[in-house]
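The values are calculated or read from the model by the stated rules, or taken from the named source; none is laboratory data. Here the structure is a predicted model, which is why all the values come from computation and not from measurement. For neighbour counting, all protein chains shown are included, and Cβ atoms are generated from backbone atoms with ideal geometry for every residue, glycine included. For accessibility, only protein heavy atoms count, side chains too; no ligands or nucleic acids. Shrake-Rupley method; radii C 1.70, N 1.55, O 1.52, S 1.80 Å.
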Amino acid sequence: MIYALAILESIQDELLLFGAFWFLVGALDDLCIDAAWVGIRVFRHFRTPQMLEVPDQPAPGQDGPMAIFVPVWAESAVIGTMLQNCLDSWKDSPCRYDIYVGHYPNDPASFANIMPIASHAPHIRPVMLDHDGPTTKADSLNGLWAALVNDEITRGYKAKAIILHDAEDAVHPDEMAIFDRLIGKYEAVQLPVIPIRTRKSRWVSGHYCDEFAESHAKTMVVREALGAALPLAGVGCAIERGTLGRIAAQNGGKPFDESSLTEDYELGLRIGAQGGRTTMARQIGHDGRLVGTRSCFPETLSASVRQKSRWLTGIAFAGWDRLGWNGGFAQKWMLLHDRRSIFAALVIFLAYFGIASFLFGQFFNIQGAFASRQMPPVLNYLLLVNSLFLFWRLGVRAAFVGSIYGPVEALLSIPRVVVGNLIAILSARRAFATYLRHCFGAPLRWDKTDHVIVPVIPRGTY
């Protein structure tokens, strides 16, 4: 037993040293983004407000209508509520719009929930795809694009922009006005994604609130300011019609890449690579709320792991193959920041294992059965420095979460870091296995997330 504990102690030191070093590297990366955000915030304080209010924007233009694309597969639980919420939210909007809802012939349940609303709403345009599903989100979006192009030819005018939404999204009343004012100045506009925690999933569903609050309020802002291309979130984003048309012309008439698991992420980077500009529009609406897309994310561990493994496969593995490392320093830095997640999950796992072995050894040390030796001095220093960075990281995240969700969720974001780490580890393992199979010939498959709730939030809340 003593010999085994001695071996475990040696392994423990190596694991802790490995984890501590790479934690420090990651912490410095995050700290640089924090510092850049502070500098941007100070600069903008003397130039323009950090978040403009929608009423202060110029009057909307008189271009073509907005085309909203909503791909649907097995969404009978949410699509009716989502479409009705869109009609209610935008009933006073001065912007013209059409909602293209893509559905499959072998999904009658979703069709049955689309038609009662579409039959009384000229804004809604159901589009039955010419093949059975499920396929991929990109395939459905390409079908909607074909329907839009056909309508443009028939009607004699073109849309101003294409807006992407999912069947579980709750839209904001001022969304359309923001897109109408910013498209033209920018080739693409992304609104914040604001996850809504479900009541019975404080930890799994809630950790999405923490991640998006920090990512869309800080990291995306820094990317834009540094001139790096912004990835699109696939919901609450608008793409200028001419820009999407040029991408379609380069890809056989299909603007959305059907071979990608993260077509929205790649689309944003491709727009940037062609010289197009994307902005993260953080603005306050007439109701005093941040204008963004609100939706409920997976509330169980298994569903969250499935969803995040798809993101990791598409961004960290397939994205590396498909997009490479093009662009200047800022672009490469942001790509590295995106793709470090797989390695970070490995570091977290090994560090947790090292901590567990340390506690295991300390238990026998307290019992007098084994005399633990002191840690190497360099490891002590690294652990001290990383502890300080950890407190800083938790404080920064809590501040961003609190700015949207209030103090209770800000405090919950601290222990939810452990939940997020667990999901990251499991997702990385699954993503690696998926991509390894793909390297030996297996196709990458779209792992769809099931949705049951559209979070229509009363006015006056976040």
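Treating the angle as unsigned and between 0 and 90°, give the value, to the nearest 10°, between the Cα long axis of helix 108-118 and the longest Cα principal axis of the chain.
For 108-118 against the chain, the angle is about 50 degrees.
Whole-Hz Karplus ³J(HN,Hα) for region 313-324, in order, using 6.51 cos²θ - 1.76 cosθ + 1.60 and θ = phi - 60°, x for Gly and Pro?
Here the 3J(HN,Hα) series is 4, x, 8, 7, 9, 5, x, 4, 5, 7, 10, x Hz.
Go ahead and estimate [θ] at 222 nm for the chain from helices alone: -39,500 (n - 2.57) per DSSP H run with n ≥ 4, summed, over the residue count, rounded to 500.
The helix contribution divided over the chain gives -18000 deg cm²/dmol.
Just to confirm the number: angle between the C-alpha axis of helix 416-439 and the first principal axis of the chain, 0 to 90 degrees, nearest 10?
70 degrees
Using every pair of alpha-carbon atoms in the chain, split the distances into 20 Å bins beginning at 0 and state the percent of pairs per bin, rounded to integers.
Bins of 20 Å from zero give 23, 55, 19, 4, 0 percent of pairs.
In what sequence, largest accessible area first, do His103, His451 appear using a 1.4 Å probe?
Ranked list, largest accessible area first: His451, His103.
Using θ = phi - 60° and the Karplus curve 6.51 cos²θ - 1.76 cosθ + 1.60, what whole-Hz ³J(HN,Hα) does each residue of region 189-205 get, with Gly and Pro shown as x?
Coupling constants for region 189-205: 10, 10, 8, x, 8, 10, x, 10, 6, 6, 4, 9, 9, 5, 9, 5, 4 Hz.
Roughly how many Å² is the accessible area per residue of the chain, as a whole number, for a 1.4 Å probe? Write out the running numbers ahead of the final one.
Numbers: 21310 Å² over 462 residues.
Result: 46 Å² per residue.
Using r as the Cβ-Cβ distance of Ala433 and Leu350, and R0 as 22 Å, what FRET efficiency do you calculate, to the nearest 0.05?
0.75
Which of the residue pairs Lys137/Lys254; Lys137/Lys308; Lys137/Lys218 have a Cα-Cα distance greater than 18 Å in the structure shown?
Lys137/Lys218
How much of the accessible area of the chain, probe 1.4 Å, is carbon plus sulfur, in whole percent?
63 percent
What is the set of long-range amide H partners of Asp166 at a cut-off below 5 Å, with H atoms built 1.01 Å from backbone N?
Gly236
Which value, in Å² and to the nearest 10, is the accessible area of Ser403 when all protein chains are kept and the probe is 1.4 Å?
80 Å²
For Leu28, project a label point 7 Å along Cα to C-beta. Then give me every residue of region 304-335 with its amide nitrogen under 16 Å of that point.
The answer is 333.
Length gain on complete extension for the stretch Arg322 to Leu87, per 0.36 nm per residue less the alpha carbon to alpha carbon distance?
80.8 nm
So what's the angle, to the nearest 10 degrees on a 0 to 90 scale, between helix 2-45 and the longest Cα principal axis of the chain?
40 degrees
What net charge do the residues around Leu422 carry, taking every other residue with its C-beta under 12 Å from that of Leu422, with Lys and Arg at +1 and Asp and Glu at -1?
Net charge in that neighbourhood comes out at +3.
For Lys160, go through the aspartates and glutamates and keep the ones whose alpha-carbon is under 12 Å away, minus same-chain ones fewer than eight residues off.
Cα-Cα hits under 12 Å: Asp63, Asp98, Glu152, Asp180, Glu187, Glu240.
Using 13 Å as the cut-off for backbone N distance, which residues of region 29-45 belong to the label zone defined by a point 7 Å from the Cα of Ser403 along Cα→Cβ?
It comes to 34-45, nothing else.
Does region 197-282 classify as rounded, prolate or oblate by the C-alpha gyration tensor (a ≥ b ≥ c root eigenvalues; a/c under 1.5 gives rounded; else a/b over b/c gives prolate, otherwise oblate)?
Because a/c hits 1.5 or more and a/b fails to exceed b/c, region 197-282 counts as oblate.
Per residue of region 171-181, what does 6.51 cos²θ - 1.76 cosθ + 1.60 with θ = phi - 60° give for ³J(HN,Hα)? Whole Hz please, x for Gly and Pro, Karplus curve as stated.
8, 9, x, 8, 4, 4, 5, 5, 4, 4, 7
For Arg125, which sequence-distant residues (separation of 5 or more, or a different chain) have an amide H within less than 5 Å of its own amide H, given hydrogens modelled in the peptide plane?
Here the answer is Ile99, Tyr100, Val101, since their amide H atoms fall under 5 Å of that of Arg125.
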